1. Out of everything in segment 224-254 that is touching a Leu at 6+ places or on another chain (Cβ under 8 Å) and more than 20 Å from Phe302 (Cβ to Cβ), what residue ends up being most open to solvent (accessible area, probe 1.4 Å)?
2. Please go through segment 360-395 and pick out each residue that is in a helix (DSSP H, G or I) and either without any contact (Cβ under 8 Å) to a residue 12 or more places away in the chain or polar (S, T, N, Q) (or both).
3. Determine whether Ala348 is of a type in the set (A, V, I, L, M), buried (at least 22 other Cβ atoms within 10 Å of the Cβ) and part of a helix (DSSP H, G or I).
4. For residues that are over 20 Å from Met354 (Cα atoms) and not in a helix (DSSP H, G or I), tally how many sit in segment 125-173.
5. Name the residues in segment 127-164 that are of a type in the set (S, T, N, Q), touching a Phe, Trp or Tyr at 6+ places or on another chain (Cβ under 7 Å) and surrounded by fewer than 22 Cβ atoms within 10 Å (Cβ to Cβ), would you?
6. Please determine whether any residue of segment 299-319 is touching a Phe, Trp or Tyr at 6+ places or on another chain (Cβ under 8 Å), loosely packed, with under 15 Cβ neighbours inside 10 Å and at pLDDT below 85.
7. Looking at the structure I just gave you, is Ala144 among the small types (Gly, Ala, Ser) and touching a helix residue (DSSP H, G or I) at 6+ places or on another chain (Cβ under 8 Å)?
8. When you scan segment 273-281, do you find a residue that is at pLDDT 85 or above, in a loop (DSSP other than H, G, I, E, B) and out of contact with any strand residue (DSSP E or B) (no Cβ under 9 Å at 6 or more places or on another chain), even just one?
Amino acid sequence: LTTRASGSFSITFPDAAPTTWSFTAFVTSFEPGAPVDPDSDAVRLLQQASFGPTLAQIARVRTLGAAGWIGEQMQMPASLQMPYMTWFQMQGADISTLRVEIWFHHALGGPSLIQPGTLHQDQLRQRVAFALSQLFVVSDRLAAIGSYPMTTTSYYDVLIANAFGNYRDLLEQVTLHPAMGRFLSMLGNRKNDPVLNIRPDENYAREIMQLFTIGLWELNPDGTQRLDTDGQPIPTYTNDDIRQLARAFTGLCRPDLASNLYTDPNPSAGTISNMRTRFGISNNLTRAQMLFDNPDLRQKHFHYLYEWGAKRALGGRVDITEGTDPVTNLTIVHDALFNHPNTPPFVARRFIQMLVKSNPTPAYVARVAAKFIDNGFGVRGDMKALWTAILCDPEASYDGAIDEHGGRVRDGFECWIHWLR
């Protein structure tokens with residue numbers, strides 16, 4: 001049954017004449033028992049794995065199949081934002097809001113503006129990077145971040161570049177990025193000093209557990225909550241665990257900021273006195289660039305801000321002996337969270353919800369979590385295996401059934417992007 005509707009609408013942009021579009025819409029519904037459109041499987045996959053199906057992409061999926069299309073997408077070069085930002089900055093353009101425009105350009109699959117003749121076709125990478133950004137959240141609404149667009153650009157490029165890498169590597173790069181350091185107040189986090197009434201900031205220590213890895217409650221491999229003998233859920237961490245990890249996340253700071261915020265008690269160690277030389281900071285940078293907007297200046301370890309004492313958390317999963325250097329210290333923390341039994345089902349459920357199903361069944365979560373644990377070649381945290389397991393699972397196709405576990409309503413923003421495409 002096909003219904004046709006037509007009409008027009010106009011939009012007036014600032015300093016421009018009104019622009020009018022005409023449209024014709026065909027809405028098709030099926031009687032019970034009617035055959036399903038053969039393109040429906042391709043459309044469903046593209047609604048989950050891209051910013052919306054186009055006729056060309058539907059034809060491509062039908063030719064390659066779901067796994068073939070996913071494999072082809074994973075081989076496509078990454079459409080990064082920083083080359084655009086750098087190019088336009090060199091042309092003298094105002095880049096304060098340009099990053100958002102570049103994001104839309106990549107999401108819509110437009111032609112490259114700096115490499116004529118090429119298209120941004122890495123739809124799967126852009127879509128899963130968007131999903132990652134909804135988990136590893138930073139916000140340019142915070143003035144300390146939003147005032148420096150190169151830094152937010154650099155952060156989003158980390159998500160794009162690592163979308164098909166390993167979750168352990170992504171976790172560490174997120175920790176070390178100054179955008180995350182600013183957003184979750186870890187930048188310049190310093191050791192306990194009772195004289196100055198300073199104690200390590202606990203914000204990132206809490207959120208890396210609650211949001212990025214293990215969640216609030218202990219989980220079974222299928223994502224259901226483990227229960228104690230009284231039938232109550234079991235917390236994954238305590239306040240003391242947060243305090244111990246907060247101490248582990250001390251000592252990280254931007255090299256350009258450290259000299260402005262703190263006085264080095266041991267200049268002979270060379271941490272501040274020759275800062276520009278050691279970290280390659282140009283003497284020609286403006287103060288704004290020095291403070292935050294140079295994406296090459298990632299957070300680094302400063303020994304005189306770091307808590308050198310022993311740290312023990314998560315029932316001994318984190319066990320750092322006194323005198324452990326700050327790099328090894330962070331490696332131990334990241335490894336412990338990455339290898340925690342909660343991380344696979346926690347991460348699996350979150351990304352299934354972002355791409356495929358609002359209410360995934362425990363069996364679905366368990367299958368995806370198993371691929372996170374082992375991609376089939378003994379590798380844990382393989383993001384390619386994770387996305388493939390989510391999108392190619394039998395439940396992702398609904399099997400023709402609509403039940404309490406079926407489907408996911410796309411939010412208005414996703415529908416709008418699809419309309420634009």
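The values are calculated or read from the model by the stated rules, or taken from the named source; none is laboratory data. All figures in this text were calculated on a predicted structure; none of them were measured in a lab. Cβ sites come from the backbone with ideal geometry, for glycine too, and all protein chains shown count toward neighbours. Keep in mind that these areas ignore ligands, DNA and RNA; they rest on the heavy atoms of the full protein, side chains included. Shrake-Rupley method; radii C 1.70, N 1.55, O 1.52, S 1.80 Å.
1. Checking each candidate, the answer is Arg226.
2. Thr388, Pro394
3. So Ala348 fits the description; yes.
4. Number of matching residues: 5.
5. Ser133, Ser139 - these are the residues of segment 127-164 that are of a type in the set (S, T, N, Q), touching a Phe, Trp or Tyr at 6+ places or on another chain (Cβ under 7 Å) and surrounded by fewer than 22 Cβ atoms within 10 Å (Cβ to Cβ).
6. No, segment 299-319 has no match at all.
7. So Ala144 fits the description; yes.
8. No.
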